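Here is the structure we will look at.
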Amino acid sequence: RKKREYEERLGCNIWIEGGRRGDREPLHVKVSARDLPTLDAAAERIACIMYDTFHDRRMKIYDPFGLVIEGPYSDGDGWHVKVKSPLSEALLYGTIVGERGESVRRLEAKLGVKLRLRGSGLKGDVSGSGMNDDYPQHVDVSGVNRERVEKAASHIAKLLHENQTNIDTEGPMEEPYWDGGKWIVRIRSTISEDALFSAVIRDGKRSTLSKRFGGCIIRVSGGGLDGLAPLHVKIESYNRENAEDAALHITKLLRNAAA
């Protein structure tokens, strides 16, 4: 409908071409007219419309942290936004991917988009395709719905910023989430692996904590143990209150160990 309105108003013909898989040309607008002055005026007007539309839409991404480095843009198959990572590679994997990919599956289901870690210097490959490009390390947020991609990019930017803010904070506790029939809470630690085991696991401490908080499962993971996620304590329980209480208590133990 808008295409017909622009054609009638500008006295030209308009086509949308390129940008699809197998096309040699990128996505573009093709304009034709009977004479050169009409063609120049129509092309200039359409270029202004595209510029204004892009910048109006881009402002819908709430990014007070300045982490969005490109987008939204379309590659013909969907929409993309690149969100720069202020984190180390290990912490980026731990924040977005998580242990055995649990976090990325949960985020993708919640946000309705695909998340890929890309950029120069990344060693792993979460998406199954080549990731290295000319951009710094970032999260590529993609999907067929532009508005959903924009909202997801805002969420990812906020998540990365919060994790950057908490890097030097001992024992930051993540929000509990339901996965695999259990409530799960993670507590990131910046004390050494040996100190963490001494504070939570050794000398029967894990068994005592488990019994105290309703039989919850307590594990230490990340860091040098699996090489992807940052060092953290993972708590699992069928009861959310037990999981949260255990997490709060262990957070205090970590802070005492760091003092």
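The values are calculated or read from the model by the stated rules, or taken from the named source; none is laboratory data. Model, not experiment: these values are computed from the prediction. Glycine gets a Cβ as well: all are built from the backbone with ideal geometry, and neighbour counts include every protein chain shown. Surface areas here come from the heavy atoms of the whole protein model, side chains and all, with no ligands, DNA or RNA. Shrake-Rupley method; radii C 1.70, N 1.55, O 1.52, S 1.80 Å.
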Exercise for the section: Tell me, please, whether a residue that is open to solvent by 30 Å² or more (accessible area, probe 1.4 Å), modelled with pLDDT under 85 and either part of a loop (DSSP other than H, G, I, E, B) or within 18 Å of Val139 (Cα to Cα) (or both) can be found in the range 35-50. Expected result: no
Completion exercise
Residues in the range 129-172 that are among the acidic types (Asp, Glu), open to solvent by 40 Å² or more (accessible area, probe 1.4 Å) and modelled with pLDDT of 85 or more total 1
Fill in the blank from the handout: The condition of being buried (at least 16 other Cβ atoms within 10 Å of the Cβ) and either small (Gly, Ala, Ser) or modelled with pLDDT under 85 (or both) holds, among Glu89, Glu70, only for Glu89
Fill in the blank from the handout: Flagged pairs (Cβ under 6 angstrom, 6 or more apart or on separate chains; first in the range 241-259, open to solvent by 40 Å² or more (accessible area, probe 1.4 Å); second part of a helix (DSSP H, G or I)) are Leu253/Ala199; Ala257/Ala195; Ala257/Ala199
Practice task
Taking only the range 231-243 into account, find how many residues are modelled with pLDDT of 85 or more and assigned to a strand (DSSP E or B).
Solution key: 5
Practice task
May I ask you to list pairs of residues, at least six apart or on different chains, whose Cβ atoms are under 8 Å apart, with the first in the range 105-119 being under 13 Å from Lys82 (Cβ atoms) and modelled with pLDDT of 90 or more and the second being of a type in the set (Phe, Trp, Tyr) and not in a helix (DSSP H, G or I)?
Solution key: none
Practice task
Starting from residues that are assigned to a loop (DSSP other than H, G, I, E, B) and open to solvent by less than 20 Å² (accessible area, probe 1.4 Å), keep the ones in the range 214-230 and report whichever is modelled with the highest pLDDT.
Solution key: Cys216
